[in-house]
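A.B. asks: Below is one structure. I have some questions about it.
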Amino acid sequence: GCRAVAMDYSRFDHIGSSSSSDDDDAPLPPRHPPPAVRDDLEDYFRRLDERRSRSEPADAAVVPRFTAAEISQLRSFPFELSGAAADSSARSECAICLCEFESGQQLTALPCAAAHAFHSECVRGALAASVHCPLCRVDVRSLVVSAAAPSD
């Protein structure tokens with residue numbers, strides 16, 4: 001048969017103990033940065049917080065948004081399935097929510113060249129996030145602002 005050989009594991013007894021003689025000579029890392037480094041870091045973060053709290057408009061990125069007055073200038077009308085809307089080439093669904101237009105629903109037409117129309121509620125939500133027509137990507141806000149500007 002096979003006989004078990006006794007293994008001597010005593011050479012590994014020191015692993016995991018904190019009283020190892022090799023580790024006593026190694027310097028411990030500092031628990032905190034030296035005072036000069038700490039002072040520099042505190043000064044840096046204090047100035048950073050001051051700069052952020054001032055939040056000067058010149059430094060901040062400005063995203064163009066529609067104002068309520070500008071949105072009110074867009075042409076709204078009730079949807080009626082007659083005339084041009086009855087034509088098969090006319091859009092009969094809102095490209096934002098993808099629901100069919102139903103008779104009597106309030107639509108809003110944008111001043112882009114194609115006069116894209118959407119449910120009024122849908123287009124208000126879309127224009128809150130972007131000033132572009134959801135279909136043709138024309139900057140609608142610039143068209144509204146220029147149309148409202150007094151002509152000389």
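A.B. asks: Would you point out the residue of the range 116-132, among those that are more than 14 Å from residue 77 (Cβ to Cβ) and in contact (Cβ under 8 Å) with a residue 40 or more places away in the chain, that is most open to solvent (accessible area, probe 1.4 Å)?
C.D. replies: Let us first name the residues in the range 116-132 that are more than 14 Å from residue 77 (Cβ to Cβ), namely 121-122, 124-132.
Retained after the next criterion (residues that are in contact (Cβ under 8 Å) with a residue 40 or more places away in the chain): 124, 127-128, 131.
Working: 124: 114, 127: 2, 128: 63, 131: 7 Å².
If we take residues in the range 116-132 being more than 14 Å from residue 77 (Cβ to Cβ) and in contact (Cβ under 8 Å) with a residue 40 or more places away in the chain, then 124 is most open to solvent (accessible area, probe 1.4 Å).
A.B. asks: Among the numbered criteria (1) out of contact with any Leu (no Cβ under 8 Å at 6 or more places or on another chain); (2) modelled with pLDDT of 85 or more; (3) open to solvent by less than 50 Å² (accessible area, probe 1.4 Å), which single criterion is violated by residue 135?
C.D. replies: Every condition holds for residue 135 apart from (3).
A.B. asks: A further question follows. Only one residue in 85, 90, 58 is modelled with pLDDT under 75, under 30 Å from residue 122 (Cβ atoms), in a loop (DSSP other than H, G, I, E, B) and open to solvent by less than 100 Å² (accessible area, probe 1.4 Å). Which one?
C.D. replies: Working: 85 fails: in a loop (DSSP other than H, G, I, E, B); 58 fails: under 30 Å from residue 122 (Cβ atoms).
Exactly one of 85, 90, 58 is modelled with pLDDT under 75, under 30 Å from residue 122 (Cβ atoms), in a loop (DSSP other than H, G, I, E, B) and open to solvent by less than 100 Å² (accessible area, probe 1.4 Å), namely 90.
A.B. asks: Next question. Being of a type in the set (Gly, Ala, Ser) and open to solvent by 20 Å² or more (accessible area, probe 1.4 Å) is the filter; apply it to the range 100-115 and report the residue that is nearest to residue 81 (Cα to Cα). Write out each step before concluding.
C.D. replies: In the first step, residues of the range 100-115 are kept if they are of a type in the set (Gly, Ala, Ser); the result is 103-104, 109, 113-115.
From what is left, the residues that are open to solvent by 20 Å² or more (accessible area, probe 1.4 Å) are 103-104, 113-115.
Details: 103: 6, 104: 9, 113: 22, 114: 19, 115: 17 Å.
Checking each candidate, the answer is 103.
The values are calculated or read from the model by the stated rules, or taken from the named source; none is laboratory data. Since the structure is predicted, the reported quantities are computational estimates derived from the model, not experimental observations. Because the Cβ atoms are built from the backbone with ideal geometry, glycine has one as well, and the counts that use them run over all protein chains shown. Side chains are part of the model used for accessible areas, which takes the heavy atoms of the whole protein and leaves out ligands, DNA and RNA. Shrake-Rupley method; radii C 1.70, N 1.55, O 1.52, S 1.80 Å.
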